[in-house]
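The values are calculated or read from the model by the stated rules, or taken from the named source; none is laboratory data. Predicted model, so just to flag it, every value in this text is computed and none were measured. Note that each Cβ is placed from the backbone with ideal geometry, even for glycine, and that neighbours are counted across all protein chains shown.
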Amino acid sequence: MKKTSIIAAAGLAVLISSCSSSTPKADMKNDVDSLSYSIGMAQTQGLKPYLVNRLGVDTTYLDEFVKGLNEGANAGDNKKKTAYYAGIQIGQQISQQMMKGINYEIFGDDSTQTISLQNFMAGFVAGVLEKGGKMTMEQAQETAQVKMKEVKAKSLEKTFGENKKAGEKFMADIAKKAGIKKLANGVYYEVITEGKGEIPADTNRVKVNYEGRLINDTIFDSSYERKSPATFRCNQVIPGWTEALTHMPVGSTWMVYIPQEQAYAEREAGKIKPFSALKFKIELLSIED
């Protein structure tokens with residue numbers, strides 16, 4: 001029992017020593033001292049949840065936070081230290097936020113894939129220093145946009161490749177059905193009711209009723225269920241819709257079959273997974289303007 005107490009006391013002594021070496025001691029001799037202390041404490045309200053939830057600080061290492069806090073607060077206007085601390089702060093944002101966000105944007109939930117931190121940092125530093133870069137800022141922005149789309153598409157195809165194949169087979173089978181008519185860009189339709197009204201231009205606002213289904217007949221959206229027709233411009237929807245609407249006379253009801261590249265392509269939208277071919281019952285009620 002005595003041995004345990006000695007060990008516990010030794011541990012406590014180390015803890016006290018560690019904290020006292022980094023924690024300033026209050027010395028409140030007058031009103032200004034008391035005011036200073038009280039303001040300092042008041043400013044910490046809500047700080048710990050912010051450190052944990054926003055900055056990812058493990059509370060086990062709060063003594064390290066205090067050391068850094070003291071060093072930063074006592075740096076004054078030392079420009080060298082200011083630059084260094086800014087680098088630390090932004091570097092941590094890159095590690096804890098930016099890299100995670102970029103990887104999720106490109107690779108989704110596949111944690112086995114990641115962009116190269118080494119090359120990211122090489123480009124980042126070259127951009128900060130504005131020298132030694134392998135491309136101009138304009139080239140970097142353009143390349144990032146193009147390559148992100150390409151790499152993301154390859155990653156998604158790896159995950160949703162079977163979905164893409166199923167959609168391609170579905171569209172091929174639809175093309176062989178009796179009564180099917182073909183529009184541009186691989187969009188097909190069959191007439192349920194042929195209207196006799198005007199055909200809208202792509203800039204016209206139209207009112208429609210519709211029902212959207214996946215190729216397995218799962219309904220993912222329906223104005224009929226909402227009992228409320230939708231109104232929008234023909235060029236403000238997916239390309240396959242625009243193609244169909246600009247060939248439909250008012251009063252028509254068509255079943256429209258849209259290949260994935262004329263629908264949401266590699267994007268995911270609710271129940272609609274990347275590379276999904278879709279089918280819609282579309283009823284063109286009127287042209288609004």
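Things to note:
- Selection of first residues in segment 213-230 that are under 16 Å from Ser286 (Cα atoms) and of second residues that are of a type in the set (A, V, I, L, M) and modelled with pLDDT of 95 or more, restricted to Cβ pairs under 7 Å at least 6 apart or on distinct chains, gives the following pairs, ordered by first then second residue: Ser223/Ala230; Pro229/Val208; Pro229/Leu285; Ala230/Val208.
- Subset of segment 231-254 (residues that are basic (Lys, Arg) and touching a residue at least 40 places away in the same chain (Cβ under 8 Å)): none
- Candidates Ser34, Ser5 - the one that is assigned to a helix (DSSP H, G or I), of a type in the set (Ser, Thr, Tyr), farther than 20 Å from Val66 by Cα and modelled with pLDDT of 50 or more: Ser34
- Any hit, segment 232-240, residues being among the basic types (Lys, Arg), at pLDDT 95 or above and touching an Asp or Glu at 6+ places or on another chain (Cβ under 8 Å): yes
- Top-ranked residue in segment 242-277 [being in contact with a Lys or Arg (Cβ under 7 Å, 6 or more places away or on another chain) and aromatic (Phe, Trp, Tyr); ranked as farthest from Leu183 (Cα to Cα)]: Phe275
- Scan of segment 121-166 for residues that are closer than 30 Å to Lys279 by Cβ and of a type in the set (Phe, Trp, Tyr), ordered by number: Phe160
- Counted residues, segment 62-119 - those being closer than 21 Å to Thr143 by Cα, surrounded by 12 or more Cβ atoms within 10 Å (Cβ to Cβ) and free of Cβ contacts under 8 Å to residues at least 12 places away in the same chain: 3
- Of all the numbered requirements in (1) outside any helix (DSSP H, G or I); (2) under 21 Å from the mean Cα position of the chain (by Cα), Val146 misses one, and that requirement is (1).
- Just one of the listed residues (Asn235, Asn209) is part of a helix (DSSP H, G or I) and surrounded by 14 or more Cβ atoms within 10 Å (Cβ to Cβ), namely Asn235.
- Test: residue in segment 275-285 that is under 30 Å from Glu150 (Cβ atoms) and of a type in the set (Lys, Arg): yes
- The residues of segment 101-142 that are in contact with a helix residue (DSSP H, G or I) (Cβ under 9 Å, 6 or more places away or on another chain), in a helix (DSSP H, G or I) and closer than 27 Å to Arg267 by Cα, listed by number, are Ile102, Glu105, Ile106, Phe107, Leu117, Phe120, Ala140.
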